[in-house]
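Only one structure is covered here, and it is reproduced in the block below.
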Amino acid sequence: MRFKFVSAMLSIFFLCSLLLVSPASAHQQSLASSKITFENKKMHISLLIDQKSILEINGYDIEKTQSLDESQLSGQIKDKSFDYLKNGFHVKNNGQEMAVELESVSVPDLANVQFDLVYSSGELIDKIDFDYNIFFENSDGKHKNVATIENGDTIDEFVFTNSTRHLAMEAGVELSFWNTLGQFVVMGIQHILTGYDHLAFLLALIILGGSFTNILKIVTSFTVAHSITLILAALEFVSLPGRLIESAIAITILYVALENQFIKNANYRWMLTGVFGLVHGFGFAGALAETQVPKNHFIEALLTFNVGVEIGQLAVVLVLLPIILYVRRFSWNIWFVRGISGGVALFGLIWFVQRAFELNILPFLAV
C-alpha cells in the first residue's frame, strides 16, 4: 500500500507539473509573417498575423470568440489594431522615425488577418532599424514573426522573437542568414520543450529503463523516423490532415503508456518507436509550417529546425535517464513506472478526445 501511495503521489506531481507549465490564460501559438519591400522613400510591410492575436489585443475572449469576418475586423477593430501596431512596431531610416499609415486590412483566410502598412521617410531608404515589440505580452513571449525582406536584388529573412526584437540593416546589403539559421535551431528546441504531448510520449518510451544500448536504440529510432516524415511533409511530398495526425499522436501516447502497465522487457520497443516516430514527424512538420518558413532558404531552415528538435530531445533524455536508472534499483520501481505511465495515459486519452472530436474539455491541454 505504501508503494502504491508513493506511485499515486508521483502521478499527481507529474499531472500538476504539466498543468503549471500550460497556463490557460496565455495564447502561446502567436505566429506572424511579414513581407517587407523598399521603394525610394517608402517601405511597404504586409503583416500576416493569426486572428487570435488580433482578438486578444482588442479585448475579446478567444475561448468564446472563434473568428470574425472581414467586415467585423475592418469595422470594429481596425483603428484599435492599427494604434497597437503603430505604437509597438517602429521603423527608422538613418536614425529618423518613419511615419506609418494603414493602407488596408483584409482577411485572406479564417485563421489570419493581414495589415498592409506604409512607412514613409523624408529621404531615400538607407540604414534601417526595426524595433518589433508587439504580441509578446499575450503569448508568454513566445510570439514569432518570420519576415521576408526584398532588399535590392536579394531576398533576406529574419525571425523576430522575444529575444530578437531589433534588426539593423542597410538597403542593398545582404543579411547573413547564419543568424537566422540559429533562430530556427532555437525554435526547434523550444518546440520540443513546450510540446508536452511529445515530451509525454518520450517519457513513456524510456521510463521502463533497460540497458543503455536499448534506450539508445529507442531514441535513435524515434529520431530517424520523425526526421524522415518531417522532411517529406515539409517538402510537401506527403500531406495528411492535421486533425488526423494530432489524434494519431495522442493514440501513440496512450498506447505506450498503457503498454507500460503490463510489459517488463522493452528490448523490442525501438521497432515500435520507429513506427510511432513517423507519426510524430508529421506533427513536427505541422509546427514548422505554422512558422511561415521563408522559401528562399527553406531547406536550410528545415534542417536546422530538425537539429533543434534533436538537441531538445537529447537534453530531455539526459535529464530523465539518470533518475529513471536510479529508481530502477528499488523494488518499488514497478509502482513508479505504473503511476507515471497512468498519468501519461490519462493525458493521452484527453488529447485524443479533444483532437478527434474537436471538444474543448481542458483548454490548457490543447497543445
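The values are calculated or read from the model by the stated rules, or taken from the named source; none is laboratory data. This one's a predicted model, so the numbers in the text were calculated from it and none came from an experiment. So basically every Cβ, Gly included, is an ideal-geometry build from the backbone, and we count neighbours across all protein chains shown.
Quick look at the values:
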{"quantity": "Boolean, residue 94 is surrounded by fewer than 16 Cβ atoms within 10 Å (Cβ to Cβ), modelled with pLDDT under 95, on the phi > 0 side of the Ramachandran plot and not hydroxyl-bearing (Ser, Thr, Tyr)", "calculated": "no"}
{"quantity": "Unmet requirement for residue 336, which otherwise passes all of (1) surrounded by 16 or more Cβ atoms within 10 Å (Cβ to Cβ); (2) hydrophobic (A, V, I, L, M, F, W, C); (3) within 15 Å of the chain's Cα centre (by Cα)", "calculated": "(3)"}
{"quantity": "Test: residue in region 253-268 that is β-branched (Val, Ile, Thr) and either in contact with a strand residue (DSSP E or B) (Cβ under 7 Å, 6 or more places away or on another chain) or part of a helix (DSSP H, G or I) (or both)", "calculated": "yes"}
{"quantity": "Residue within region 63-74 that is surrounded by fewer than 12 Cβ atoms within 10 Å (Cβ to Cβ) and modelled with pLDDT of 95 or more present", "calculated": "no"}
{"quantity": "Hits in region 151-177 - residues which are of a type in the set (Asp, Glu) and either in contact with a Cys (Cβ under 7 Å, 6 or more places away or on another chain) or at pLDDT 90 or above (or both)", "calculated": "170"}
{"quantity": "Residue 180 assigned to a helix (DSSP H, G or I), modelled with pLDDT of 90 or more and not aliphatic (A, V, I, L, M)", "calculated": "no"}
{"quantity": "Looking only at region 104-141, and only at residues there that are buried (at least 19 other Cβ atoms within 10 Å of the Cβ) and in a loop (DSSP other than H, G, I, E, B), the one that is farthest from the chain's Cα centre (by Cα)", "calculated": "121"}
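Every residue, every condition in (1) in contact (Cβ under 8 Å) with a residue 40 or more places away in the chain; (2) within 26 Å of residue 352 (Cα to Cα), yes or no:
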site	(1), (2)
178	no, no
182	yes, no
189	yes, yes
196	yes, yes
212	no, no
215	yes, no
218	yes, yes
